[in-house]
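Reading through the structure tokens given below for one structure.
The values are calculated or read from the model by the stated rules, or taken from the named source; none is laboratory data. Everything numeric here is computed off the predicted structure, so don't read it as measured data. Methodologically, a virtual Cβ is constructed for each residue, glycine included, from the backbone with ideal geometry; neighbour enumeration extends over all protein chains shown. The area values use the complete protein model at the heavy-atom level, side chains included, leaving out ligands, DNA and RNA. Shrake-Rupley method; radii C 1.70, N 1.55, O 1.52, S 1.80 Å.
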Amino acid sequence: MAPFIGIDLGTTNSLCAIFEDGQPKLIPNAIGQLLTPSVIGVTAADEILVGAAAKELAVVQPDRCMAAFKRLMGTNRRVQIGGREFSAPELSSLVLKSLKQDAEAYLGKAVRDAVITVPAYFNDNQRKATRLAGELAGLNVRRIINEPTAAALKYGFHDRQAEKYFIVIDLGGGTFDVTAMEVFEGTLEIISTAGESFLGGEDFTNRLTAWALESQKLNLETAEMRHPQLVARLRSECEAAKRRLAVESEATIRMPDLNGDIGDDPEILRVTQKQFDTLIDPLVKRLARPIAKAVRDSRRETGEFQNVILVGGATRMNAVRNYVKTFFGVEPLCTYDPDYVVALGAAVQAALISDDRAVDDMVMTDVCPFTLGVEIVKEFGQHQMTGYFLPIIHRNTTIPVSREQIVSTIAPNQREVLVRVFQGESRKVEGNLKLGELQVSGIPPGPSGQPIQIRFTYDLNGILEVEAFVPQTGKKFAAVLTQNAGTLSKAEIEKALRRMQGLKFYPRDEMRNRHLVLFAERVVGEVASFQRDELESGIDQFEQAMNSGDREWFEQSRTGLLTLLSTLGFVYEDETQEETP
Ligand code: ADP
Ligand code: MG
């Protein structure tokens, strides 16, 4: 059977998994790690770096790197990195391509088919942009599934006889998702989902970064523009402090100088867990609304959710755990590593699609996370008012689903109707997101009130198809929704593909060495000046040995560099210490 991979394309980290021998398994990347940071770098030699190497480079040369581009998916924004310009799907495609290569190296054969996960709250544009990213990476995207659904699939896979309600709380780097579901005799039914597309672990790091900058009388936004290197290094310090605060009661942050160097005798800021909790309290409070909404929409009582599953790296923060625990009155479950669950579930989904025997007793149903409909005009006596929203598919309807509504012309001899399609929960379209429009023409002359049937079909990928039918003429209008950010014509896709193919990638088999060099170069800015020379010459040595082809010298200089780094207090870990779950 052709390999079929599952991919968690995260804001912060991406992972790849495969269903093998009746189990989902994670695939290590070029440097032996399971998490590939979703970071892209363009080196001075115009080479593309993906993952951990790019993340190291981002600390020293933020203008050569980009992270969190998932937040731009579905927009038309283009970003400049190291003199090159990219769209969000192009950047995502570089991550996907790198994961695809990891899978190919691991499996020893070509990989094309993939399931890619997206936040439940991703709208149509964002889903299409994700699909496009897959295409640009040379993948055949068989299904787009919601991240919490994938997480539930992983839990459901191991607990098939269970009969219970689950709630999945996923706080990643940039998004927050809550999903309620029921498991009953191997059938996994999503009952409701809610979320926020701008709330994640990065906001917590930003809070801490802003706090640290305030102590220097600096403001985050201004500093980001004026002293990008300072902010990049400080953010990396704050990220580490945030993680320590998940296990310790106090952490320190070394204040870099304006050039982003930590150097001799830096100012040390101390932050206690209590201080941190106060600082992030406004963010923690924002968890309430989506959780309450998902519970309310599920028509269950809070107490019925005996299984609260934590997903996403940011759920490691104590304040988040405690909040969830208090809300549901139960200890949240993290039977499976919150970093891995989504990718593993995506591999289970791949197995379901390819009818793997190991999952033949499993069934999964998902829901549409938001209401979809069209704009209509309402009549109030003599007045006609535009801008009202007519829902066609209500949120939390089980998918796939196809629903029809009849609308009618509003003026005599109206020959055309512009069907404007929106998603959202607001009564008026101005409060909702416009997905596109469909021009219906050729309506025969006549009085107002001529019917037009509008059919919405929402498929398992969460992609919407709109059709309009004029009964009098028998004419059908199928919607390729126009004005859709993130979607491209065939010619544009070809062009983007060629552009992507023209990029030079840093060779995969040299990535370990390159990562070590970038790690060490990052450390250069964090040690005292008297230690710098030694470290720099260690890096030079290693680079020369790398290029010399002399195996013995290479091993020696590598060991030398690693030892030097660890005496300076920086332990380099290039292999995952854990067993693949
Ligand atoms: P995404 O799915 O958006 O890629 P992840 O699930 O990988 O995100 O979570 C990334 C976020 O989790 C980051 O903001 C990171 O800082 C945070 N995170 C990871 N580990 C920890 C930890 N031990 N303590 C606190 N936050 C953490
Ligand atoms: Mg995630």
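Tabulated data for the structure shown
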{"read-out": "Percent of C-alpha pairs per 5 Å bin, segment 253-386, short to long", "value": "2, 7, 10, 11, 13, 13, 10, 9, 7, 7, 6, 3, 1, 1, 0, 0"}
{"read-out": "Whole-number D in µm²/s for segment 88-142 (Stokes-Einstein; Kirkwood sum over Cα pairs; 10 °C, 1.306 mPa s)", "value": "139 µm²/s"}
{"read-out": "Computed [θ] at 222 nm, helices only, for the chain once each DSSP H run of length n ≥ 4 contributes -39500 (n - 2.57)", "value": "-11000 deg cm²/dmol"}
{"read-out": "Principal axis dimensions, largest first and in whole angstrom, of the chain by Cα", "value": "88, 56, 54"}
{"read-out": "Contour excess over end-to-end distance, with Cα ends at residue 85 and residue 406 and 0.36 nm allotted per residue", "value": "111.1 nm"}
{"read-out": "C-alpha long axis of helix 318-328 to longest principal axis of the chain, angle in °", "value": "30 degrees"}
{"read-out": "Mean accessible surface per residue for the chain, computed with a 1.4 Å probe while every protein chain stays in place, in Å²", "value": "44 Å²"}
{"read-out": "Length-normalised contact order of segment 509-567 in % [C-alpha pairs under 8 Å, at least 6 apart]", "value": "32 percent"}
{"read-out": "Candidates per trypsin sites (Lys or Arg not before Pro) in segment 156-220, loop by DSSP, up to 15 other Cβ within 10 Å", "value": "160, 217"}
{"read-out": "Two-site label geometry, residue 217 and residue 44: point separation in nm, points 7 Å out along Cα→Cβ", "value": "3.5 nm"}
{"read-out": "Estimated distance in nm for a label pair at residue 264 and residue 563, the labels positioned 7 Å out from Cα along Cα-to-Cβ", "value": "2.8 nm"}
{"read-out": "Flagged links, alpha-carbon separation over 21 Å, of 25/100; 97/154; 97/495; 128/293", "value": "97/154; 128/293"}
{"read-out": "Zone of residue 384's modelled label, taken as backbone nitrogen in segment 391-420 under 15 Å from a point 7 Å along Cα→Cβ", "value": "407-420"}
{"read-out": "Prolate/oblate/rounded label for segment 81-236 (Cα gyration tensor, a/c 1.5)", "value": "oblate"}
{"read-out": "Inter-part distance where segment 334-384 and segment 201-254 are each reduced to a Cα centre, Å", "value": "36 Å"}
{"read-out": "Shape category assigned to segment 201-284 from the gyration tensor of Cα positions, a/c cut at 1.5", "value": "oblate"}
{"read-out": "Range in the chain, longest, excluding exposed GluC sites (Glu not before Pro) [loop by DSSP; at most 16 other beta-carbon atoms within 10 Å]", "value": "1-184"}
{"read-out": "Amide H partners (placed H, <5 Å) of residue 195, local residues excluded", "value": "178"}
{"read-out": "With Cα atoms, 0 to 90° folded angle of helix 273-285 axis to the chain main axis", "value": "20 degrees"}
{"read-out": "Amide H contacts of residue 145 (H built 1.01 Å from N, under 5 Å, at least 5 apart or other chain)", "value": "116, 117, 118"}
{"read-out": "Derived scalar couplings ³J(HN,Hα) [segment 98-112; Karplus, 6.51 cos²θ - 1.76 cosθ + 1.60; whole Hz; x for Gly, Pro]", "value": "5, 5, 4, 5, 4, 5, 5, 5, 6, 8, x, 8, 5, 10, 10"}
{"read-out": "For segment 438-444, 3J(HN,Hα) per residue [Karplus equation, 6.51 cos²θ - 1.76 cosθ + 1.60, θ = phi - 60°, Hz, x = Gly/Pro]", "value": "9, 8, 10, 10, x, 6, x"}
{"read-out": "Theoretical gain in end-to-end length, residue 185 to residue 279 [0.36 nm per residue, Cα-Cα removed]", "value": "29.4 nm"}
{"read-out": "Linear extension gain, residue 465 paired with residue 533, 0.36 nm per residue minus alpha-carbon span", "value": "18.3 nm"}
{"read-out": "Distance between modelled label sites at residue 163 and residue 335, nm, 7 Å Cα→Cβ extension", "value": "1.7 nm"}
{"read-out": "Cα gyration tensor category, rounded, prolate or oblate, for segment 246-331 with a/c compared to 1.5", "value": "prolate"}
